[in-house]
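Everything below concerns the one structure shown next.
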Amino acid sequence: MKKLLFLLILPFLSLAGPNETVKIKTSAICEMCKERIEKNLALTKGVTKSDLNLDDKVITVEYDAAKIDASGIRKAISETGYDADEMKAVAKSYSKLPSCCKKKE
């Protein structure tokens, strides 16, 4: 019975792409930033998990490399209104952030 179940599941396991992890420095400031970025990444095709550490402003993202790459993840973060490593936030998205989420200039 176990062998049969394994043989039925095996084809689906091969469909999953290689999972990779990337760490990206963001311009996030508060819990609202964390929630917003993680929520938008959860809706991004290929992203399986994300966790933003507000102490160092680095987000760790696990993703399916067959569906998205690190530059696509940076783009998704910048389109949310935040800097992602060297990629600057999209100005239109940044302007829609609450004032507590904007960089102190």
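The values are calculated or read from the model by the stated rules, or taken from the named source; none is laboratory data. These figures come from a predicted structure and were not determined experimentally. Heads up, the Cβs are rebuilt from the backbone with ideal geometry, glycines too, and the neighbour counts pull from every protein chain shown. For the accessible areas, the whole protein counts, side chains as well, though only heavy atoms, and no ligand, DNA or RNA atoms are used. Shrake-Rupley method; radii C 1.70, N 1.55, O 1.52, S 1.80 Å.
Within the stretch 25-42, does at least one residue satisfy the condition of being farther than 17 Å from Leu97 by Cα and at pLDDT 95 or above? Yes, that holds for at least one residue.
Could you tell me whether the stretch 32-42 includes any residue that is exposed (fewer than 13 other Cβ atoms within 10 Å of the Cβ) and part of a strand (DSSP E or B)?
No, the stretch 32-42 contains no residue that is exposed (fewer than 13 other Cβ atoms within 10 Å of the Cβ) and part of a strand (DSSP E or B).
Among residues of the stretch 87-105 that are under 11 Å from Ala28 (Cβ atoms), those with a Cβ under 6 angstrom from a residue that is of a type in the set (Val, Ile, Thr), sequence gap 6+ or separate chain, pair up as Cys101/Ile29. Among the candidates Lys92, Lys103, Lys45, the residue that is assigned to a loop (DSSP other than H, G, I, E, B), out of contact with any Ser or Thr (no Cβ under 9 Å at 6 or more places or on another chain) and exposed (fewer than 14 other Cβ atoms within 10 Å of the Cβ) is uniquely Lys45. Taking the criterion of being open to solvent by 70 Å² or more (accessible area, probe 1.4 Å), under 16 Å from Glu35 (Cα atoms) and part of a loop (DSSP other than H, G, I, E, B), the only residue of the stretch 57-89 that qualifies is Lys57.
The C-beta contact set for the stretch 40-60 (first residue free of Cβ contacts under 8 Å to residues at least 60 places away in the same chain and within 16 Å of Ala70 (Cα to Cα), second residue of a type in the set (A, V, I, L, M, F, W, C) and outside any strand (DSSP E or B), distance under 6 angstrom, 6+ apart or interchain) comprises Thr44/Ala76; Gly46/Ile68; Val47/Leu41; Ser50/Leu41; Leu52/Ala28; Leu52/Ile37.
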